[in-house]
Amino acid sequence: MTGTFAPAERTARVAKVAEEHLARTDREAAFPVEALAEMRDSGLLGLLVPAAYGGLGGGPADLIEAGMALGRADTSVGMILAMHCQQAAAVVRYGSEPLRADLLPRIAAGQVYLASVTTEAGKGGHLLSAEAQLGEEAPGAALTVDRFAPIVTGGAHADGFLITMRSPGAVSENQVSLVYADRAQLDISGSGDWQPLGMRASHSLPLKLTGSVPAHQLLGGHGGFHEIAATVFGPLAHLGWSAVWLGTAAGALSRVLRLLRSPESRGRFDITSELLLTRLSRARQRLDTVHALLRHTLAMVESDGDLTETRSQLLLNSLKITASEQCHAAVEDLIDAVGLRHGYLKDSPTRLELALRDLRSAALNYSNDRLHLADGRLALRDQGVHFA
Amino acid sequence: MDQRFTELLRPFLKFTPGGAAGEPVAITPETDLRALGIDSMQAIELLFAIEDAFAISLPDEELNDTTFATAGSLWNAVAAQLTAPTGPVAP
């Protein structure tokens, strides 16, 4: 990406706004509307939209830079951008030309923030299956959506939705189609309260969506979601989320180090304490490990190889599992390092308490348990143990 | 495709329309395995069944989603081992 677009500056603007409103959005479990407005104004929503459609023309490397930078400020805001970008990338790669021509310029102009509707009651977090079926009276006719989703991050504020549904005429729940719908094409009703432990600003509510969209708003053909998940959703989700979590933990470590080195704190902490030094080292070691794995996985994704290969899928899943565990563990180390006052209280400038709550979600956000089951099956396919 | 192969495949295709109770449906090279019920766990069980039945071992590089996409792509991987110069491995 050329310097003309200065994505780092755009990200810094969003991070600054996010940090200004952080205490309130966390306390009130409120969506970060100010940070979203800055994402719209700064052009950051168009980070992965090609320049030909008015976007910033960025790629996976730009996504992880933005994710790390926003994660340092606010995990929720970082995840909101990462998830939006993963949706946008699916439109870029799998959208029909009429859909791309209509939607991508609006994303780039900051008019469309995308939410993902992949959760469904009763399927236990299975991304690749769907219960509710997409309606289609005849091939090429309008597609009808009638769908409940228990968790839609930013659903109340999104301008467009990418929705998974069982394909018309499907004989099994494994045939899943992905459709795009503008907010105006849907009747949306939401209910329920969002009162989570962490990620409180991500405002993820249950939604009921009904409506009808033209056939050209289908992405990747009927049954095409499996490929979209393997080539775009999965890789960009795991890269983007891991970057945000790494940013969160890196921000926490940085604030702890600033505290330890600040003139006011001298004398309050014994920086020759071997226990303190060892805990700082452990936290740093965990972050360097995640960073190395993130860069290595990025290189694999950028090499344009076949991401559906067993070894590639294993690496992508390992990144997510490792980042979710190690970033959380690093913050735990830091809490032990600085103790109750700066490790456990909300008003500490270290914000460790918030980081720990936010990062606790990482293992659950596409459950590590489920990924381990997938990885066990994948491992059985590769008895020679080949590495990506 | 070898008839032994299609018969071995059939019980794994739990979503084959009419396959369970009615007339056996035709399994063609285009039969979409994932759509008809072969998920990642079933793929491993199917792999073991094939390796036992044909006394072969499919190479790691063939064990990807592309191979398990259709009956034809899976049969091609199996057939390649049956005709490999070294022949089938001892059971």
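The values are calculated or read from the model by the stated rules, or taken from the named source; none is laboratory data. Please read these numbers as outputs of a predicted model, since none were measured by experiment. Note that each Cβ is placed from the backbone with ideal geometry, even for glycine, and that neighbours are counted across all protein chains shown. Keep in mind that these areas ignore ligands, DNA and RNA; they rest on the heavy atoms of the full protein, side chains included. Shrake-Rupley method; radii C 1.70, N 1.55, O 1.52, S 1.80 Å.
Values as computed for the structure displayed
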{"quantity": "Any hit, the stretch A:218-235, residues being open to solvent by 10 Å² or more (accessible area, probe 1.4 Å), of a type in the set (A, V, I, L, M, F, W, C), over 19 Å from the mean Cα position of the chain (by Cα) and at pLDDT 95 or above", "calculated": "yes"}
{"quantity": "Pair list, Cβ < 9 Å and 6+ apart or interchain, from the stretch A:333-356 residues that are on the phi > 0 side of the Ramachandran plot and part of a loop (DSSP other than H, G, I, E, B) to residues that are of a type in the set (K, R) and at pLDDT 95 or above", "calculated": "A:R351/A:R255"}
{"quantity": "Considering residues of the stretch A:293-334 that are more than 25 Å from A:D369 (Cβ to Cβ) and open to solvent by 20 Å² or more (accessible area, probe 1.4 Å) only, the residue nearest to the other protein chains (Cβ to nearest Cβ)", "calculated": "A:D306"}
{"quantity": "Among the candidates A:R255, A:R268, A:R286, A:R261, residue that is open to solvent by 10 Å² or more (accessible area, probe 1.4 Å) and within 25 Å of A:L373 (Cβ to Cβ)", "calculated": "A:R286"}
{"quantity": "Subset of the stretch A:239-287 [touching a residue at least 24 places away in the same chain (Cβ under 8 Å), of a type outside the set (A, V, I, L, M) and under 16 Å from A:H328 (Cα atoms)]", "calculated": "A:W241, A:S242, A:W245, A:G247, A:T248, A:G251, A:S254, A:R255, A:R279, A:R282, A:R284, A:R286"}
{"quantity": "Residues located in the stretch A:298-313, provided they are part of a helix (DSSP H, G or I) and under 23 Å from A:Q383 (Cβ atoms)", "calculated": "A:M300, A:T310, A:R311, A:S312, A:Q313"}
{"quantity": "Unique match (being acidic (D, E) and surrounded by fewer than 23 Cβ atoms within 10 Å (Cβ to Cβ)) among A:D102, A:D74", "calculated": "A:D102"}
{"quantity": "Conditions (1) assigned to a loop (DSSP other than H, G, I, E, B); (2) free of Cβ contacts under 8 Å to residues at least 40 places away in the same chain; (3) among the hydrophobic types (A, V, I, L, M, F, W, C): number failed by A:A170", "calculated": "(2)"}
{"quantity": "So A:G211, is it assigned to a strand (DSSP E or B) and away from chain B (no Cβ under 14 Å)", "calculated": "yes"}
{"quantity": "Close pairs (7 angstrom Cβ cut-off, 6 or more residues apart or separate chains): more than 8 Å from chain A (Cβ to nearest Cβ) in the stretch B:34-50, open to solvent by less than 50 Å² (accessible area, probe 1.4 Å) and part of a loop (DSSP other than H, G, I, E, B) anywhere", "calculated": "B:I38/B:F68; B:L46/B:I38"}
{"quantity": "Subset tally (residues that are open to solvent by 50 Å² or more (accessible area, probe 1.4 Å), under 19 Å from A:C327 (Cβ atoms) and either more than 14 Å from chain B (Cβ to nearest Cβ) or in contact with a Ser or Thr (Cβ under 7 Å, 6 or more places away or on another chain) (or both)) for the stretch A:366-385", "calculated": "2"}
{"quantity": "Residues of the stretch A:169-185 that turn out to be crowded, with 21+ Cβ neighbours inside 10 Å and away from chain B (no Cβ under 14 Å), as a count", "calculated": "4"}
